[in-house]
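Taking it in order: structure first as structure tokens, then the write-up.
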Amino acid sequence: MATQPKFRINGLVDTSKNVLDNLDTLSNQSGAFLTWDPNAGKWTVILNDTASSTMSFTDSNIVGEINVSGTGLTEMFNSIEVSYPHKDMRDTTDIATATIDSADRYTNEIDNTLEITLPQTNNPIQAQFIAGRELKQSRLDMIVEFRTNYDANELKAGDIIDITNTALDFTNKE
């Protein structure tokens, strides 16, 4: 079976945009997040990949209340269209799509399509992979807000954490 790189940048960078916008575009298409690291005093990337939890939070180091929220049913995406310059079609725009099966949708979920453009991705397999990843991740939206003690000062944006809380029925939930 043939293999190919998971991510590859193949396209022109628009120099009329500011540097931060270009870096953000390149990192998103490379499967990473661009974030400011205040400890290092510079911009850094965090790979959008599976990893182990770097810190656990429990009732012993969570101070006060926990708020949990997420995307509402009407804002949830269940299909995606990704526009990209196809390398085998002289870089003319092609579209990769992905859809969530109707059996995996919530009751009364309306059709809602996410549209994104990948100007530096010209490989149809990579475009399809990114489409699937972005669609699945758009449905995994849970925001958990809480305060903690000073032990968490070393955490950085993008670090994986887990939470155990009996009231929310969370056990090592990442």
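The values are calculated or read from the model by the stated rules, or taken from the named source; none is laboratory data. Note that this is a predicted model, so its numbers are computed, not measured. Every residue, glycine as well, gets a Cβ built from its backbone with ideal geometry; the counts of neighbours run over all protein chains shown. Just so you know, the surface numbers come from the protein's heavy atoms only, side chains and all, with ligands and any DNA or RNA stripped out. Shrake-Rupley method; radii C 1.70, N 1.55, O 1.52, S 1.80 Å.
Between I116, T148, N172, whose Cα lies farthest towards the positive end of the dipole of the stretch 106-174 when Lys and Arg beta carbons carry +1 and Asp and Glu beta carbons carry -1, centred on the Cα centre? Highest projection toward the positive end goes to I116. Computed from point charges on the beta carbon alone (+1 for Lys and Arg, -1 for Asp and Glu), the dipole magnitude for the stretch 1-157 about its Cα centre is near 540 Debye. Split the accessible area of the stretch 108-174 by element, probe 1.4 Å, and carbon with sulfur accounts for 49%.
Could you work out the relative contact order of the chain, using alpha carbon pairs under 8 angstrom and six or more residues apart, expressed as a whole percent?
Numbers: 259 pairs, mean separation 48.9, N = 174.
Reported relative contact order: 28 percent.
Ranked by the mean number of other Cβ atoms within 10 Å of their residues, highest first, the peptides 125-132, 139-146 come out as 125-132, 139-146. Solvent-accessible surface of the stretch 38-96, averaged per residue with a 1.4 angstrom probe and all protein chains in place: 65 square angstrom.
Computed from backbone phi, the HN-Hα couplings of the stretch 35-52 come to 8, 8, 9, x, 5, 8, x, 7, 6, 9, 10, 10, 5, 8, 8, 5, 7, 7 Hz, rounded to whole numbers (Karplus: 6.51 cos²θ - 1.76 cosθ + 1.60, θ = phi - 60°; Gly and Pro given as x).
Under 12 Å from the Cβ of I46, count the other residues' Cβ atoms, weight Lys and Arg +1, Asp and Glu -1, and hand me the total. Spell out each step's value before the answer.
Working: positive: K156; negative: D37, D49, D159.
My count for the surroundings of I46 gives -2.
Taking amide H as placed 1.01 Å from N in the peptide plane, D94 has its amide H under 5 Å from the amide H of Y84, H86, each at least 5 places away in sequence or on another chain.
Model label sites at A157 and D21, defined 7 Å from Cα along the beta-carbon direction, differ in position by 1.8 nm.
Applying 1/(1 + (r/R0)^6) with R0 = 22 Å to the Cβ-Cβ distance of T35 and V68, what FRET efficiency is obtained, to the nearest 0.05? Intermediate values should be presented prior to the final figure.
On the way: r = 23 Å, r/R0 = 1.04.
Once rounded, the FRET efficiency stands at 0.45.
Just to confirm a number: summing +1 for Lys and Arg and -1 for Asp and Glu over residues other than G70 whose beta-carbon lies under 11 angstrom from that of G70, what do you get?
Details: positive: R139; negative: E75, D141.
Overall, the nearby charge balance is -1.
Relative to the dominant Cα principal axis of the chain, helix 19-29 is inclined by about 90°. Per residue, the convex hull spanned by the Cα atoms of the stretch 45-114 measures out at 201 cubic angstrom. For the chain, the alpha carbon convex hull comes to 175 Å³ per residue, rounded to a whole number.
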